[in-house]
Structures are given as C-alpha cells and as structure tokens.
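The values are calculated or read from the model by the stated rules, or taken from the named source; none is laboratory data. Computed from a predicted model, the values in this text were never measured in an experiment. Glycine gets a Cβ as well: all are built from the backbone with ideal geometry, and neighbour counts include every protein chain shown. The protein model used for the area step is the full one, side chains on, heavy atoms only, and it has no ligands, DNA or RNA in it. Shrake-Rupley method; radii C 1.70, N 1.55, O 1.52, S 1.80 Å.
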Amino acid sequence: MPEVHIPAHPWWPSGMRPDRGGQQYASLVESLRELVDTVAGIEATHSELVRATVAVSAISAELRDHVVPGDHQIAGTRLDLPGRGHPGVVPYIPTSWNVDRMTARVRFGRTYLGDRAAVHGGALSLLFDEILGRFANHGREGARTARLQVDYRQVVPLDRDLDVEAWVSDQRGRKLTIAGRLANGGHTLAEAEALFVVLHKGQP
C-alpha cells in the first residue's frame, strides 16, 4: 500500500507526533497483524500450541511494564501506518484526504474471515466507523458517532486491495452526516451512512 504523509491533527494530546516509535513500532504492529492472521487460520497439535502460547505470553509480559494511559499510547496516533498503527483497527491507509473527501485502500486478511472466503460483516462496520469517523474529525474539534448504518451489496473478498471513500452528505449545526463506499474496481461492495455529533471545544 502507498504511504501518504498526513500532518498531526490539532486535537492530538500535546507531544504526540506521527512518527512516534519509528519504523520499529511499524514493524512490531505488522508482525502482530501477521501473527493474528496466522493464528486465525491454523490447525496445530497440542504441543505446538503450548509452545506458541508460552512464546506469546513471554512477549506480553516483557511489554507489560511499558503500558501507559490511553492518551499517551502510540497505537492510534500513527496516521502514516495502516489502521493508524492500531493493531485492533482494520489496516486501511489513506490515499487522499481533504475537507471534501477521503479515499483509502484496505486489505482484509484472514483475521476478518466470516464464512466461505467472505469478510465478516462486523469487520465492515468497524472499517466504516473508523473511516467515516476519521473523516468527520478532520479539521474539526472532534466528533462522536451517534448512528451508523451499513448496507451490504456484495460479498467482500479477503486478501485483495479494495477502495474505500468517505464524504460529507449533510451538515446541520453540530450534526454531521458522512457517507461511505467500499468498492472492488468499479463494483460497489458495501455502502454506509453515519451521523456524528461535533463536540464543543474542550469536550472530551
């Protein structure tokens, strides 16, 4: 996926930078995504699972002393990385972003398998809430999701680069409606519409 430089947003906590953790943090998150994809697709023996559990638990224990409050963590602040560098977010990366429209590319791995090689519907809701929410917050004090509706048009395939976009469809006072579309080439796979409430200045 192409890398796009997106400047730090004004609502980030003081001291946050889009390059925190450097390339090594990016590599860690990518390795973690690969691990979860792998675990989602394995069939292994008891002894193999025991060894893997011990190894993963050891890594968790090693990192546990470095856990910080949520407003100081790196995850979610790296807008240059897929899914903002958050291992729990669908790994999209923006390709263009302005006040009128946001476009991105996304690839669903084995983690998001629902049934019969199709992406789980819940993963699509997560993607749209993330994409539409990021766009709703762009250049604003902040916004919170009030409603999200997803229409599933076609089966969404795994392991394929897909296009996703978001745009403002309506704004009335603090109520902001954002529309979105997920497509494979020229074929619409899913559409979404979300209502956001723009926060007052200083509102958490």
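Checked against the criteria, Asp100 counts as under 27 Å from Glu191 (Cβ atoms), more than 16 Å from the chain's Cα centre (by Cα) and not hydrophobic (A, V, I, L, M, F, W, C).
The rows are residues; the columns are (1) more than 25 Å from Leu176 (Cβ to Cβ); (2) of a type in the set (Ser, Thr, Tyr).
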| position | (1), (2) |
| --- | --- |
| Gln24 | yes, no |
| Leu35 | yes, no |
| Val39 | yes, no |
| His46 | yes, no |
| Ala55 | yes, no |
| Gly83 | no, no |
| Gly88 | no, no |
| Pro91 | yes, no |
| Thr95 | no, yes |
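Of all the residues that make up segment 166-184, how many are surrounded by fewer than 20 Cβ atoms within 10 Å (Cβ to Cβ) and either of a type in the set (Ser, Thr, Tyr) or within 18 Å of Leu127 (Cβ to Cβ) (or both)?
From segment 166-184, those surrounded by fewer than 20 Cβ atoms within 10 Å (Cβ to Cβ) are 167-175, 177, 179, 181, 183-184; that's our starting set.
Pick out the ones that are also either of a type in the set (Ser, Thr, Tyr) or within 18 Å of Leu127 (Cβ to Cβ) (or both) and you get 167, 169, 177, 179, 181, 183-184.
Within segment 166-184, residues that are surrounded by fewer than 20 Cβ atoms within 10 Å (Cβ to Cβ) and either of a type in the set (Ser, Thr, Tyr) or within 18 Å of Leu127 (Cβ to Cβ) (or both) number 7.
Just to verify a result, which residue in segment 133-156, among those that are modelled with pLDDT of 95 or more and over 12 Å from Ala190 (Cα atoms), is most open to solvent (accessible area, probe 1.4 Å)? So the residue we want is Arg147. Does any residue of segment 159-167 turn out to be part of a loop (DSSP other than H, G, I, E, B), farther than 28 Å from Gln24 by Cβ and among the small types (Gly, Ala, Ser)? No; the residues of segment 159-167 include none that is part of a loop (DSSP other than H, G, I, E, B), farther than 28 Å from Gln24 by Cβ and among the small types (Gly, Ala, Ser). Residues in segment 127-147 that are assigned to a strand (DSSP E or B) and under 17 Å from Ala104 (Cβ atoms): 0 in all.
Candidates are the residues of segment 76-108 that are open to solvent by less than 20 Å² (accessible area, probe 1.4 Å) and among the hydroxyl-bearing types (Ser, Thr, Tyr); the one that is nearest to Arg140 (Cα to Cα) is Thr77. Looking across Asp159, Asp163, one residue alone is within 20 Å of Pro94 (Cβ to Cβ) and either open to solvent by 60 Å² or more (accessible area, probe 1.4 Å) or among the acidic types (Asp, Glu) (or both). It is Asp163.
Name the residue that is modelled with the lowest pLDDT, counting only residues in segment 75-100 that are among the charged types (D, E, K, R) and under 28 Å from Arg20 (Cβ atoms). Let's see the steps before the verdict.
Going through segment 75-100, the residues among the charged types (D, E, K, R) turn out to be 78, 80, 84, 100.
Filter once more, keeping what is under 28 Å from Arg20 (Cβ atoms): 78, 80, 84.
Values: Arg78: 88, Asp80: 84, Arg84: 91.
Looking at residues that are among the charged types (D, E, K, R) and under 28 Å from Arg20 (Cβ atoms), I get Asp80.
Per-residue answers, yes or no, for (1) part of a helix (DSSP H, G or I); (2) loosely packed, with under 11 Cβ neighbours inside 10 Å; (3) touching a Pro at 6+ places or on another chain (Cβ under 6 Å):
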{"residue": "Tyr25", "(1), (2), (3)": "yes, no, no"}
{"residue": "Glu34", "(1), (2), (3)": "yes, no, no"}
{"residue": "Ala44", "(1), (2), (3)": "no, no, no"}
{"residue": "Leu49", "(1), (2), (3)": "yes, no, no"}
{"residue": "Ala52", "(1), (2), (3)": "yes, no, no"}
{"residue": "Val67", "(1), (2), (3)": "no, yes, no"}
{"residue": "Ile74", "(1), (2), (3)": "no, no, no"}
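If you go through segment 168-194 and keep only what is at pLDDT below 90, in a loop (DSSP other than H, G, I, E, B) and under 23 Å from Ala104 (Cα atoms), you end up with just Gly186. Out of the residues in segment 109-120 meeting the condition of being in contact with a strand residue (DSSP E or B) (Cβ under 8 Å, 6 or more places away or on another chain) and either among the polar types (S, T, N, Q) or modelled with pLDDT under 95 (or both), tell me which one is surrounded by the most Cβ atoms within 10 Å (Cβ to Cβ). By that ranking, first place goes to Ala118.
In this structure, Val197 does satisfy being outside any loop (DSSP other than H, G, I, E, B) and either in contact with a Leu (Cβ under 8 Å, 6 or more places away or on another chain) or within 16 Å of Gly83 (Cα to Cα) (or both).
Only one of the numbered conditions (1) over 18 Å from Val90 (Cβ atoms); (2) more than 18 Å from the chain's Cα centre (by Cα) is not met by Ala117, and that is (1). Screening Thr95 with (1) on the phi > 0 side of the Ramachandran plot; (2) in contact with a Lys or Arg (Cβ under 7 Å, 6 or more places away or on another chain) gives one miss only, at (1).
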